[in-house]
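Okay, so here's the structure we're looking at.
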Amino acid sequence: MLTVYSEKHALHNPRGELCGGELVVPFECPARVEHILQRVKKVALGDIIAPGNFGIEAVARVHDPAYVRFLESCWRQWSAAGYRGDAIATVWPARGMQQRIPEHIEGKLGYYALACETAITRGTWEAARASVDVALTAQAALRDGERAAFALCRPPGHHAAADLFGGYCFINNAAVATQAFIDQGAERVALLDVDFHHGNGSQAVFYDRSDIMFLSLHGDPKYAFPHFLGYADETGCGAGEGYNHNYPMGPGTCFSTWGEALADACRNIRNYAPDALVVSLGVDTFEHDPISFFRLTSEDFRRYGATIARLDLPTLFVMEGGYAVDEIGINAVNVLEGYEG
Ligand code: SP5
Ligand code: ZN
C-alpha cells in the first residue's frame, strides 16, 4: 500500500496542552507520525512518497473562507498583540451571547475554537497545509487507479468543522479528501470514522448531504470528548436524513462490542454502495491509550483491517488520533496489514 508522508508535520509542535488543570506535554506530538513511519518502513508496507502542492481550492470546498484566513493569519496577529506563548482560546461565544466575529485576536480565537487544549503556533498553518496535501495526494493516487492508500496526516482533522478548530485539528483532511472524490465525479462516498473520538467536524460538514454517508464509532459523548455531538439520534437532516450513523459506546468497550458496531456500519456501507471509502483512522481505541477508554488490543486492529477490506471498495486511510506513542506504529500499521491480508 502506498503511504504519503510530509516532514512538515513537525512545524506544529505546541509547548503545552491544558489537561486536568495542568499544562502538560501535548498528547498530539510529532513523535506519533515518526513512529508510524518507522513501522511502515519496517514491515515494508509499500512506497512512501512526499505530497504534491495542492492549492487552497479543495480546502475551500469544505472550510469557510474567513476561517481559512483566520488560520493563516492567527500567529501573526497573536505575536503582533505582544503575546509570547502559543495562541490558546480562553473565551467563547456561549449561550445567549453574540455570534459576531470580533476584531481582536483573542476574540477571534474563541470564535473559531471548539476546545482550548489545541494551541496555534508559528508553524501550525504550514503543517496543517502539508497535512491536507498528504490526504489529497493519497486521494489522487486512488483516482489514478490505486486500490488503497495511506495518508499519514498530522495534524489530524476530524474534529475540524467548516469554521472550527480544536481536538488537535485545524483542516479536516478526511472531509476534504471525501469531497475531492465527489468533485471528481463519484456519486456516493462513505466516510467511516474509527477514531476513539466522535468525528464532529466531519459529521457537521456533511450532515445535510445524501452523497456522503458518515459513520462514526466512538466513546459516548456523555463521557468522552467532544462531549457535545455524537449521539445515536443524530441521523442527518434535510436531504441527508438517514445518511449519518453514530455508534457511541461506553467505558471499557472491547472488541466484541466494538466489532459488532463495525459490522453494522459495514452493512450500512454495503447497502449504500459507495464508489469509494474514506477511513478516518485513529488508533486511540487502544487499551493503553492515555486519554481514551476503549480496550482494543494490537491484534484487534489487524482483525478490523480485514473487515474493512471485505467491503471491497477503493479505500483511503487518513490518519487521525492515537496517543499511546510507543505502540502507535504497530497499531496503525496493523490495520493496514489486516486490510492487505
Ligand atoms: C484527533 C483526536 O483524537 N483528538 C482528540 C482530542 C481530545 N482532546 C481532549 C481530551 C481530553 C481528555 N481528558 C481525559 C483525560 C483522561 N485521563
Ligand atoms: Zn481521537
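The values are calculated or read from the model by the stated rules, or taken from the named source; none is laboratory data. What you are looking at is a predicted structure, and each value in this text was computed from that prediction instead of being measured. No Cβ is skipped: glycine too gets one built from the backbone with ideal geometry, and neighbour counts run over all protein chains shown. Surface accessibility is based on the protein's heavy atoms, side chains included, excluding ligands, DNA and RNA. Shrake-Rupley method; radii C 1.70, N 1.55, O 1.52, S 1.80 Å.
Computed over the alpha-carbon atoms, the chain gives an Rg to Rh ratio of 0.94, Rh here being the Kirkwood radius from the mean inverse distance. For the stretch 151-216, the alpha carbon convex hull comes to 80 Å³ per residue, rounded to a whole number. Can you give me the Cα centroid spacing of the stretch 125-193 and the stretch 85-109 in angstrom? So the two Cα centres are separated by 27 Å.
Over the stretch 1-155, Cα pairs under 8 Å with separation of 6+ residues give a relative contact order of 41 percent. Peptides 133-142, 304-313 ordered by packing proxy, namely the average of other Cβ atoms within 10 Å per residue, highest first: 133-142, 304-313.
Here the dipole of the stretch 153-239 is about 200 debye; that uses its Cα centre as origin and unit charges on the Cβ of Lys and Arg (positive) and Asp and Glu (negative).
With the highest mean first, a sort of the peptides 328-340, 19-31, 223-235 on other beta-carbon atoms found within 10 angstrom per residue produces 328-340, 223-235, 19-31. Rounded to two decimals, the Cα radius of gyration of the stretch 29-80 over 2.2 N^0.38 Å is 1.70. For the stretch 1-124, the solvent-accessible area works out to 56 Å² per residue, with a probe of 1.4 Å and every protein chain left in place. Annotation: Cα Rg of the stretch 131-175 relative to the compact-globule expectation 2.2 N^0.38 Å equals 1.21. For the stretch 217-276, the Kirkwood radius over C-alpha pairs fed into Stokes-Einstein at 25 °C and 0.890 mPa s yields D = 195 µm² per second. For H197, the shell of other residues with beta-carbons less than 9 Å away shows a net charge of -4, using +1 for Lys and Arg and -1 for Asp and Glu. Ligands, DNA and RNA left out, the accessible area of the stretch 222-341 computed with a 1.4 Å probe is 50% carbon and sulfur.
Taking amide H positions as modeled 1.01 Å from N, with prolines and chain starts lacking one, the residues under 5 Å from C19 and 5 or more places away or on another chain are V24.
Each Lys and Arg Cβ is given +1 and each Asp and Glu Cβ -1; about its Cα centre, the chain then shows a dipole of about 440 debye.
Note on exposure: L18, L281 ranked by accessible area (1.4 Å probe, complete protein assembly) read L18, L281, with the most exposed listed first.
For the chain, the antiparallel share of DSSP beta bridges with both residues in that region comes to about 15%. Summing charges over all other residues whose Cβ lies under 15 Å from the Cβ of Q184, with Lys and Arg as +1 and Asp and Glu as -1, gives -4.
Tell me, how many Å apart are the Cα centres for the stretch 29-82 and for the stretch 241-297? Cα centroid of the stretch 29-82 versus Cα centroid of the stretch 241-297: 25 Å apart. Using alpha carbons only, the radius of gyration of the stretch 256-341 set against its Kirkwood radius gives Rg/Rh = 0.96. Normalised per residue, the accessible area of the stretch 230-302 is 40 Å², obtained with a 1.4 Å probe and no contribution from ligands, DNA or RNA.
Measuring only protein heavy atoms, the 1.4 Å probe finds D86 accessible over about 30 Å².
Partner aspartates and glutamates whose Cα lies under 15 Å from the Cα of K42, excluding those fewer than 8 positions away in the same chain, are identified as E34, D326, E327, E337.
Within the assembled protein chains, the solvent-accessible surface assigned to I56 is about 60 Å², based on a 1.4 Å probe. Taking every C-alpha pair closer than 8 Å and separated by at least 6 residues, the mean separation divided by the residue count of the chain gives a relative contact order of 18 percent. Which one of A224, Y247, V283 has its Cα pushed farthest toward the positive end of the charge dipole of the stretch 224-284, where Lys and Arg give +1 and Asp and Glu give -1 at the Cβ? Farthest towards the positive pole: V283.
Calculated accessible area for the stretch 131-193 comes out at 21 Å² per residue, all protein chains present (probe 1.4 Å; ligands, DNA, RNA ignored).
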